[in-house]
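J.: Before we start, here is the structure in question, set down as structure tokens.
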Amino acid sequence: MFWKGIFQSCLRNDLTIAMKRIFDILVSLIGILVSLPFLLVLFILIWIKLGWPVFFTQQRPGLNAIPFKMVKFRTMTNERDSQGKLLADHLRVTGLGRFIRKSSLDELPELFNVLKGDMSIVGPRPLLVKYLPFYTEREQKRHKVRPGITGLAQVNGRNLLSWDKRLEMDVKYVETLSIWMDMRIIFLTAVQVIRRRDVLAVSSETIPDFDDFRKDQMGKGTHEN
């Protein structure tokens with residue numbers, strides 16, 4: 001009975017992942033077609049205001065922590081100080097950039113990542129590659145599914161959550177994976193986008209980088225691996 005339960009659980013999980021991928025393909029295709037006019041308008045506005053490139057691309061950990069190139073609309077200038085270093089994010093983000101971020105329009109190009117198979121509509125947000133050495137064994141579970149455009153953490157406080165709570169939400173999502181949860185998260189995300197709740201135009205203004213946060217925890221002896 002024990003092994004039968006495990007086998008049935010694996011079958012259910014594989015079925016959920018397969019259904020989730022089909023759902024992702026359909027939703028991303030529809031989303032790209034519906035948002036095409038917005039994509040074109042934003043492309044032109046960013047090109048005029050910020051110049052080339054219009055898109056911001058960056059390596060992020062995907063399924064099984066394998067890096068992929070995530071694509072977003074660019075929202076910041078490339079202004080540098082006298083030593084040639086990029087200025088702080090809050091000094092480079094433009095008025096247009098703040099609007100695009102607060103309305104989550106910068107995420108629209110990620111629909112192409114979803115269609116390609118690098119991402120999912122719903123899943124843990126793909127964070128920076130440099131954070132990988134700082135996750136606990138439990139937190140590494142967030143990489144057992146494709147990263148998402150939105151996720152459980154994004155509808156429960158988003159960037160206003162502490163890192164520990166945010167990562168716990170990611171693990172909880174993986175452990176309770178279901179299509180119904182995805183549908184609920186998508187609905188709640190739409191509500192948040194309309195209301196523009198829990199969105200920081202520049203999260204680094206109030207939230208430290210995860211690697212710095214975890215190093216600080218380790219220095220204080222408050223973190224356990």
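The values are calculated or read from the model by the stated rules, or taken from the named source; none is laboratory data. Here the structure is a predicted model, which means the values were calculated and not measured. Ideal geometry is used to build each Cβ from the backbone, glycine not excepted, and the neighbour counts take in all protein chains shown.
J.: Which condition does Phe99 not pass, out of (1) closer than 28 Å to Ile32 by Cα; (2) in contact (Cβ under 8 Å) with a residue 24 or more places away in the chain, if it passes all the others?
T.: Only one criterion is unmet by Phe99, namely (2).
J.: To continue, here is another question. Quick test for you: out of Val122, Val171, Val193, pick the one residue that is hydrophobic (A, V, I, L, M, F, W, C) and at pLDDT below 90. I'd like the intermediate steps shown before the answer.
T.: Numbers: Val122 fails: at pLDDT below 90; Val171 fails: at pLDDT below 90.
Going through Val122, Val171, Val193 in turn, the sole match is Val193.
J.: More than 23 Å from Leu33 (Cβ to Cβ) and of a type in the set (D, E, K, R): does that describe Lys116? Show your work before the answer.
T.: Working: more than 23 Å from Leu33 (Cβ to Cβ): no; of a type in the set (D, E, K, R): yes.
No: the conditions fail for Lys116.
J.: Quick one: which helices (runs of 4 or more DSSP H) sit completely within region 49-117 and have at least 1 residues that are buried (at least 19 other Cβ atoms within 10 Å of the Cβ)? Show your work before the answer.
T.: Working: elements: 89-92, 95-102, 110-116.
The qualifying helices (runs of 4 or more DSSP H) are 95-102, 110-116.
J.: Further question on the same structure: Considering only residues of region 139-160 that are assigned to a loop (DSSP other than H, G, I, E, B) and in contact with a Leu (Cβ under 9 Å, 6 or more places away or on another chain), which is surrounded by the most Cβ atoms within 10 Å (Cβ to Cβ)?
T.: Narrowing region 139-160 to residues assigned to a loop (DSSP other than H, G, I, E, B): 145-147, 151-157.
Going one step further and asking which of them are in contact with a Leu (Cβ under 9 Å, 6 or more places away or on another chain), we end up with 145-147, 153-156.
Values: Val145: 22, Arg146: 24, Pro147: 26, Ala153: 23, Gln154: 24, Val155: 21, Asn156: 16.
Looking at the filtered set, the residue picked out is Pro147.
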